[in-house]
């Protein structure tokens, strides 16, 4: 039996949140995909969710998983896109913060998730697009239920 990774379920949690969905339908795992990273002046909103690491509880089938949700801003210039990235990051934070127990249709059990801070504005080295990172801690089962 392999260790359950709750990253996909958390990605769906963010993507399906009504406030996030009102801003973007581009919520990805891993990295930007086709049509996400555009040249200056054509930037669009998108979110990339990656797993940074995990820690297992040595006495029970629980784990704490740390995720990063990179929230890229939309705008024709750096200032506008930076403000937009901050707003998107706040919306993603609301989607994951203090969410209590839930179980995915695939059996991934999440006991709670919360926003564990953010990065402030950063700039993508590839195209200069501003983004902010929301760090998310997830308490999950190590096995499917």
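Some observations on this one:
- Considering segment 88-110, and only residues there that are without any contact (Cβ under 8 Å) to a residue 60 or more places away in the chain and in a helix (DSSP H, G or I), the residue that is surrounded by the fewest Cβ atoms within 10 Å (Cβ to Cβ) turns out to be 90.
- Segment 16-42, residues that are buried (at least 18 other Cβ atoms within 10 Å of the Cβ), touching a strand residue (DSSP E or B) at 6+ places or on another chain (Cβ under 8 Å) and closer than 26 Å to residue 139 by Cβ: 20, 27
- Total residues in segment 52-86, condition in a helix (DSSP H, G or I) and surrounded by 16 or more Cβ atoms within 10 Å (Cβ to Cβ): 6
- Taken residue by residue, segment 116-127 has at least one member that is assigned to a strand (DSSP E or B) and at positive phi.
- Output for segment 23-35, where each listed residue is under 26 Å from residue 106 (Cβ atoms) and either assigned to a loop (DSSP other than H, G, I, E, B) or out of contact with any helix residue (DSSP H, G or I) (no Cβ under 7 Å at 6 or more places or on another chain) (or both): 24, 25, 26, 28, 30, 31, 32, 33
- The condition of being farther than 16 Å from residue 138 by Cα, at pLDDT 95 or above and out of contact with any strand residue (DSSP E or B) (no Cβ under 8 Å at 6 or more places or on another chain) holds for only one of 90, 73, that being 90.
- Looking across segment 111-122 at every residue that is within 16 Å of residue 136 (Cβ to Cβ) and either within 15 Å of the chain's Cα centre (by Cα) or without any contact (Cβ under 8 Å) to a residue 40 or more places away in the chain (or both), the one that is surrounded by the fewest Cβ atoms within 10 Å (Cβ to Cβ) is identified as 117.
The values are calculated or read from the model by the stated rules, or taken from the named source; none is laboratory data. Remember, predicted model here, so these are calculated numbers, not experimental data. All Cβ positions, glycine included, derive from the backbone under ideal geometry; neighbour counts span all protein chains shown.
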